[in-house]
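Participant: This structure is in structure tokens; I'll ask about it shortly.
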Amino acid sequence: MTIQETTPSDGILLQTRDLTMRFGGVVAVSEVDFTLRELELRCLIGPNGAGKSTFFKMLTGQLKPSTGAIAFRGAPIAGDEPHAIARRGIGIKTQVPNVFDGLSVREHVWLAARRQHLDRKARDVADEVLARIRMTELADAQVGRLSHGQRQWVEIGMVIAGDPELILLDEPAAGMTHDEVLRTAEIIRDINRTKALIVVEHDMQFIRMIAKTVTVFNQGKVLVEAGVDQVLADQRVRDVYLGKKVH
Ligand SMILES: Nc1ncnc2c1ncn2[C@@H]1O[C@H](COP(=O)(O)OP(=O)(O)OP(=O)(O)O)[C@@H](O)[C@H]1O
């Protein structure tokens, strides 16, 4: 099945149809239909092995879908190379660390901005990004001396320095202190004033701080998609998290 043609006026940024990824006999993502509107902030949740990371990897081109379609701003991108998808405007912060201890915060953000802009403009972009991640005062600090949370913000800064339209964040609050989680929620809400985001997260309190609509994956399929309060009260969601607390 192909995706119906969309135009920017439809307000749809990203759409998948029948998106499926098989690894041998394992169907990691199964016939997923997903729609994200311009400037939407969506949370993706689901138990371990539900298919969230595989879904992200297909959106960024790291994995080529077995079948199905992905459209970004109406253009088909399923199976395109990661660099081509990044150029179209999808950026990702994975859980894999992507920073160098010996470089400063500013150098990281500047290097990311420099991929898109000439030197002078890159410096301006870096300054804006440092303010957005609330790290202007730590701009000259070596990343190796930062806390776990601060390093995560640097990585978020590197993604936004590339100026993508859609930002994918894989467990941005994992391992953070309570104060860092609060600050991360604030940073994400601020980014969402100008960018769309999809956030994979396990921390339900954090999800409550940022989410409006939540999509729940289970066994490769979309189990529920609804407002955050409705999703967290849903018995089916409680059942798939059996043994875990869903606040
Ligand atoms: N490269 C791979 N080869 C084989 N099976 C895979 C591969 N990647 C993922 N899987 C399987 O696909 C299913 C979905 O995995 P995935 O990592 O996408 O889930 P997830 O929702 O991101 O889980 P988690 O929350 O633990 O990160 C799992 O059964 C997993 O074992």
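Participant: Tell me the residue from A78, A84 that is surrounded by fewer than 18 Cβ atoms within 10 Å (Cβ to Cβ), in the same structural domain as R37 (by TED's automatic domain parsing) and under 24 Å from D18 (Cα atoms), please.
Facilitator: Among A78, A84, only A84 is surrounded by fewer than 18 Cβ atoms within 10 Å (Cβ to Cβ), in the same structural domain as R37 (by TED's automatic domain parsing) and under 24 Å from D18 (Cα atoms).
Participant: Where in segment 60-165 are the helices (runs of 4 or more DSSP H), entirely inside, with at least 2 residues that are touching a His at 6+ places or on another chain (Cβ under 8 Å) and of a type in the set (A, V, I, L, M, F, W, C)?
Facilitator: Of the helices (runs of 4 or more DSSP H) lying wholly inside segment 60-165, those with at least 2 residues that are touching a His at 6+ places or on another chain (Cβ under 8 Å) and of a type in the set (A, V, I, L, M, F, W, C) span 148-161.
Participant: Of the conditions (1) surrounded by 15 or more Cβ atoms within 10 Å (Cβ to Cβ); (2) farther than 28 Å from R193 by Cβ; (3) not charged (D, E, K, R); (4) not assigned by TED's automatic domain parsing to the domain that holds V143, F34 clears all except one; give me its number.
Facilitator: (2)
Participant: Among the residues of segment 38-51, what is the count of those that are hydrophobic (A, V, I, L, M, F, W, C) and within 10 Å of the ligand (Cβ to nearest atom)?
Facilitator: Residues meeting the conditions: 3.
Participant: Please go through (1) in contact with a Gly (Cβ under 7 Å, 6 or more places away or on another chain); (2) not in a helix (DSSP H, G or I) for I198 and return the number of the only condition it doesn't satisfy.
Facilitator: Unmet for I198, out of (1) in contact with a Gly (Cβ under 7 Å, 6 or more places away or on another chain); (2) not in a helix (DSSP H, G or I): (1).
Participant: Quick one: which residue in V237, V181, V222, V231 is part of a strand (DSSP E or B) and crowded, with 17+ Cβ neighbours inside 10 Å?
Facilitator: V222
Participant: Evaluate the following for L232: is it aliphatic (A, V, I, L, M) and modelled with pLDDT of 95 or more?
Facilitator: no
Participant: Among the residues of segment 15-29, how many are near the ligand (Cβ under 9 Å from one of its atoms) and more than 12 Å from F55 (Cα to Cα)?
Facilitator: Residues meeting the conditions: 3.
Participant: Restricting to segment 78-91, name every residue that is hydrophobic (A, V, I, L, M, F, W, C) and within 17 Å of the chain's Cα centre (by Cα).
Facilitator: Within segment 78-91, I85, A86, I90 qualify.
Participant: Does segment 215-224 include one or more residues that are within 16 Å of the ligand (Cβ to nearest atom) and closer than 18 Å to L39 by Cα?
Facilitator: yes
Participant: Among the candidates T54, T35, which residue alone is away from the ligand (no atom under 16 Å from the Cβ) and among the hydroxyl-bearing types (S, T, Y)?
Facilitator: Only one candidate qualifies: T35.
Participant: Any residue that is within 16 Å of the ligand (Cβ to nearest atom) and assigned by TED's automatic domain parsing to the domain that holds P47 - is there at least one of those in segment 174-187?
Facilitator: yes
Participant: Answer yes or no as to whether R134 is among the charged types (D, E, K, R), under 20 Å from H83 (Cβ atoms), touching a residue at least 24 places away in the same chain (Cβ under 8 Å) and not assigned by TED's automatic domain parsing to the domain that holds E186.
Facilitator: Here the answer is no, as R134 does not meet what is asked.
Participant: In segment 140-150, which residues are closer than 9 Å to V105 by Cα and either surrounded by fewer than 18 Cβ atoms within 10 Å (Cβ to Cβ) or among the small types (G, A, S) (or both)?
Facilitator: Result: D140, A141, Q142.
The values are calculated or read from the model by the stated rules, or taken from the named source; none is laboratory data. Please read these numbers as outputs of a predicted model, since none were measured by experiment. Don't worry about glycine lacking a Cβ; one is built from the backbone with ideal geometry, like all the others, and counts go over all protein chains shown.
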